[in-house]
1. Between residue 330 and residue 52, what is the label-to-label distance in nm when each label sits 7 Å out along the Cα-to-Cβ direction?
2. Compute the length gained on full extension between residue 274 and residue 255: take 0.36 nm times their separation in residues and subtract their Cα-Cα distance, giving the result in nm to one decimal.
3. Tell me the mean residue ellipticity at 222 nm calculated for the chain from its helices only (DSSP H runs of n ≥ 4, each -39500 (n - 2.57), averaged over every residue, nearest 500).
4. Given an 8 Å cut-off on Cα distances and at least 6 residues of separation, report the relative contact order of the stretch 3-343 as a percent.
5. What is the sum of charges around residue 239, taking Lys and Arg as +1, Asp and Glu as -1, for the other residues whose C-beta is under 15 Å from the C-beta of residue 239?
6. In the stretch 112-187, which chymotrypsin sites (Phe, Trp or Tyr not before Pro) fall in coil by DSSP and have 14 or fewer other Cβ atoms within 10 Å?
7. Counting other Cβ atoms within 10 Å of each Cβ, which GluC sites (Glu not before Pro) in the stretch 83-157 have at most 14 and sit in a DSSP loop?
8. Can you compute the charge dipole magnitude of the stretch 242-353 about its Cα centre, using +1 on each Lys and Arg Cβ and -1 on each Asp and Glu Cβ, nothing else charged? Give it in debye, rounded to the nearest 20.
Amino acid sequence: MAYLDRVLDPPSYGFTQGPKFYAPSSGEIAREFFTRLNILQSKKNWLPFFSWMVVLCLAPFFFLSFYRYFTWPLFAAGFFYSMVVLGTHGTVYLHRYSTHHAFTLRNRFWLFILRNLVIKVVPEEVYVVSHHVHHYLSEKPGDPYNVHGGWLYCFLADVNHQAIARDMSREDYARTAALVRHTGMGVNGYEKYQSWGSLACPMRTFLQFALNWAFWFGAFYLIGGMPLAVTIFGWTGVWAVGIRTFNFDGHGGGRDKRKEGVDFNQKDLSINQLWPGLVTGEWHNNHHLYPNGIRAGFLPYQWDYAWLFIRFYQWIGAVDSTRDYKEQFLANYYAPYLRQKQSAPTAESPARP
């Protein structure tokens, strides 16, 4: 069994039934979800519990933003922050930097700035390790958010399928810690991992989130008072929920929605969607084609805010090195497609009477 086959903690219903992928029922998924949130049963459930406590703590801000502070300008500000700012930062920091090492940073100062550039929502451990497995086993048994499991399977995957294995050997744990160490998060030693079941230290994670939230609430309060601070935090909750729905939609809901001349990766059902692409630079089919590149927008209409931010960060001296595959994409996929399209025989026009 390869390392990435065993790095995640399988749910009680398993990733497979025999040699085939097992799609659990909604009831099985729900029971697994609440079992894994139960910190009274095991303190090793602290990280999924913490992840959903973040969402619950943001919910009151969302309701207050509508019932007490709603104005159309604030609505627009919150919507923009949620969709564009948080979405782009997630693509830059969690996706392209933390998971795929598409670029390197010059020093830890620039890492600290990048890591805390927005309101913090997702602990790195939850995202990074499981995302490596997702690319390794995309749409196959063991993929933590396998689209063939259905919408709920993907939506609750951060609790049910993305936790790291709790019985790793010292060697496997060292390899897993290496996947996240460059993100700046504090990593438990092996003995503390055995106690807490996680790479992340609970107290350090809580403190980092608390300081980040305190800073950003204060900053938005100084800019626009309580209405702006409450609205921005409320719409952060929208992103926190929405990001959990992305992979199901980004893989066509389990159906083949790939389009000729748009989606060139044929190894899985990932598709290039206009909305995620235009607001965050997440052209998902392109990303699966070249996962460790600094951009996924290769064609003229595929706007990529994340790539623009990385280039800006490079311009001010924060980025040390990058990997960009646009030229390879154009040469290996788009140019051959255009040549094939131009050389394809056309139907003869019907003869005139």
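Laboratory data are not the source of any read-out in this text; all were calculated from the coordinates shown. Note that the structure is predicted; figures quoted are calculated from it, not measured. Cβ: placed from backbone, ideal geometry, glycine included. Neighbour counts: every protein chain shown.
1. 4.8 nm
2. Numbers: separation 19, 0.36 × 19 = 6.84 nm, distance 1.75 nm.
That works out to 5.1 nm of additional length.
3. Working: 17 runs with 177 residues, N = 353.
Rounded to the nearest 500, the figure is -15000 deg cm²/dmol.
4. Numbers: 490 pairs, mean separation 82.7, N = 341.
Here the relative contact order equals 24 percent.
5. Working: positive: 120, 244; negative: 158, 249, 282.
My count for the surroundings of residue 239 gives -1.
6. On the way: sites: 112, 127, 136, 145, 151, 153, 155, 173; in loops: 145.
When the chymotrypsin sites (Phe, Trp or Tyr not before Pro) of the stretch 112-187 are filtered for loop state and at most 14 Cβ neighbours within 10 Å, nothing remains.
7. Numbers: sites: 124, 125, 139; in loops: 139.
In loop regions of the stretch 83-157 (DSSP not H, G, I, E or B), there are no sparsely surrounded GluC sites (Glu not before Pro).
8. Numbers: 13 positive and 11 negative charges, 44 e Å.
Charge dipole, the stretch 242-353, about its Cα centre: 200 debye, nearest 20.
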